[in-house]
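Comments concern the structure below.
Laboratory data are not the source of any read-out in this text; all were calculated from the coordinates shown. Being a predicted model, the structure only gives us computed values, none of them experimental. Cβ: placed from backbone, ideal geometry, glycine included. Neighbour counts: every protein chain shown.
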Amino acid sequence: MDGNTLCENMMNTPPAQIGAPLGDVETPALILDLAAYEWNVSKLQGFADEVGILLRPHAKTHKCAAIALHQIEMGAVGVCCQKTSEAAALIEAGVTDVFITNEVVGEPKIERLAKLVDRATLRVCVDNPENVTALSRAMESHGRQLDVMVEVDVGAQRCGVATAEEALSLARQVLVAPGLRFNGLQAYHGGAQHIREFRERRAAARSAIAKTAAVRDLLDAEGIECEIVSGGGTGSYPFEAASGVYTELQCGSYIFMDVDYARNLEADGRAISEFKHSLFVCTTVMSKTRPDTVVVDAGLKAVSIDSGMPDVYGSAGLSYTGASDEHGKLAVTQPDTPVTLGDKLMLVPGHCDPTVNLYDWLVGYRDGRVAALWPVTARGCLL
């Protein structure tokens with residue numbers, strides 16, 4: 001066996017076997033508490049059903065076809081993703097309704113998009129007339145029709161047109177462009193999701209809702225129907241759902257609940273607790289040569305720290321304080337904390353999305369044993 005074959009076999013090998021005790025999982029590994037995950041999926045889907053709004057969860061959170069298909073089975077209308085390669089991976093695995101909540105720019109990506117249109121219900125965002133022209137040219141050359149959403153900047157200052165008049169002009173262009181069909185508005189305020197204080201978060205969401213309503217109303221006055229108004233996230237979805245403006249929600253992180261989202265506060269000042277932590281990085285204590293320090297095998301290549309350090313789940317006496325490529329450093333904050341070489345610990349990621357993208361497999365467990373091994377279908381799909 002040559003080196004390349006050995007590497008490929010290692011990459012394709014899951015870190016556990018179905019039925020094995022959780023303690024036998026090889027680390028670092030991405031672990032999913034199936035009971036908590038299923039609770040989260042049911043809770044938000046039940047909310048959406050009760051208030052009469054569609055749920056289109058964001059698959060950039062999990063990048064996993066098995067989860068996407070389960071969310072749809074539970075009642076979601078489809079899923080979102082961010083890249084054409086991500087959409088291709090999900091569609092290849094059987095997902096039939098995908099909204100790329102992003103602009104697709106550049107000939108190779110647009111060509112990939114054109115080849116996907118007849119395989120699934122597919123939508124994409126635009127915020128630039130040149131992009132509309134490029135999409136139209138490609139769809140017309142392939143004899144396809146693509147649903148297009150005009151993206152409005154509702155506060156994130158990222159993508160999206162700045163004014164209702166710009167949105168109207170772009171919608172008019174889409175309406176007459178061969179191969180394209182105007183489908184509605186993309187109006188997601190990413191920054192609002194992570195505002196800690198409840199009233200400030202609500203104010204940011206309400207500002208986004210008001211801007212979205214103004215755009216929708218202007219288009220309506222011009223005889224242009226917005227079939228879909230899409231947005232909202234794990235941190236703001238109750239506000240969009242109650243607005244009467246949005247037709248679907250794009251929440252993603254609710255299924256996992258990372259450390260960052262758990263810092264959001266309820267109206268009474270308590271930490272938000274409506275969803276459960278279900279995603280963990282299982283790690284092993286690999287060194288303990290100092291009484292106040294523990295080193296584990298989950299560092300920068302195993303857990304994302306862009307939104308802060310992970311929490312050590314269920315152990316108040318340990319605090320994850322720093323990471324290098326292959327090592328995580330934990331401070332022993334309570335001297336009597338029982339921890340020895342070889343112990344397995346569970347880390348709650350600071351940011352779930354980029355953490356998931358580091359792994360080939362999700363290891364689902366139930367009652368202390370491995371019950372599911374799900375490939376991270378769209379891992380590394382950045383194009």
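Modelled label-to-label distance, L175 and L54, 7 Å Cα→beta-carbon offset: nm?
It is 2.1 nm.
Can you give the local net charge around T377? Use residues other than it whose beta-carbon is closer than 11 angstrom to its beta-carbon, Lys and Arg +1, Asp and Glu -1.
Combined, the nearby Lys, Arg, Asp and Glu give -1.
Given bins 20 angstrom wide, list per bin the percent of all Cα-Cα distances in the chain, short to long.
Result, from short to long distances: 27, 53, 19, 1 percent.
Could you tally the net charge around E130, taking each other residue with its Cβ under 13 Å from the Cβ of E130, Lys/Arg +1 and Asp/Glu -1?
Residues close to E130 contribute a combined charge of -2.
At 0.36 nm per residue, and after removing the present C-alpha to C-alpha distance, how many nm does the segment from D268 to D306 gain when stretched out fully?
Using 0.36 nm per residue and subtracting the Cα-Cα distance, I get 10.9 nm.
Send over the semi-axes of region 35-262's equivalent ellipsoid, whole angstrom and largest first, taken as the square roots of 5 times the C-alpha gyration tensor eigenvalues. Display every interim value, and only then the final one.
Details: eigenvalues 143, 100, 41 Å².
After diagonalising the Cα gyration tensor, the semi-axes are 27, 22, 14 Å.
Using every Cα-Cα pair within region 14-107, state what percent have a distance larger than 20 Å. Let's see the in-between values first.
Numbers: 2103 of 4371 pairs.
Tail of P(r) above 20 Å: 48 percent of Cα pairs.
What number, in percent, do you get for the relative contact order of the chain if the mean sequence gap of Cα pairs under 8 Å and at least 6 apart is divided by its residue count?
Result for the chain is 22 percent.
For S253, S287, S307, S236, which order do you get if you count the other beta carbons within 10 Å of each Cβ and list the fewest first?
S287, S307, S253, S236
7 Å from Cα along Cα→Cβ at both H142 and E225: what's the point-to-point distance in nm?
A separation of 2.7 nm, rounded to one decimal place.
Starting with the fewest neighbours, write out V95, V339, V296 ranked by other beta-carbon atoms found within 10 Å of each beta-carbon.
V339, V95, V296
Identify all lysines with a Cα-Cα distance to K115 below 17 Å; exclude those on the same chain that are fewer than 8 residues away in sequence.
K115 reaches K83.
In whole Å, how far is the Cα centre of region 151-209 from that of region 232-304?
Here the two parts' Cα centres lie 25 Å apart.
For the pairs K63/K301; K60/K276; K211/K276, flag any whose C-alpha to C-alpha distance is greater than 28 Å.
Pairs exceeding the cut-off: K211/K276.
If I model a spin label as a point 7 Å beyond the Cα along the Cα-Cβ vector, how far apart are those points for H194 and E326 in nm?
3.0
In deg cm²/dmol, rounded to 500, what helix-only [θ] at 222 nm does the chain give when every DSSP H run of at least 4 residues adds -39500 (n - 2.57) and the total is split over its residues?
-9500 deg cm²/dmol
Got a sec? How would C381, C226 order by Cβ neighbour count within 10 Å, fewest to most?
With the fewest neighbours first, C381, C226 line up as C381, C226.
Taking R0 as 41 Å, what FRET efficiency do you get between A93 and T337 from their Cβ-Cβ distance, rounded to the nearest 0.05?
0.45
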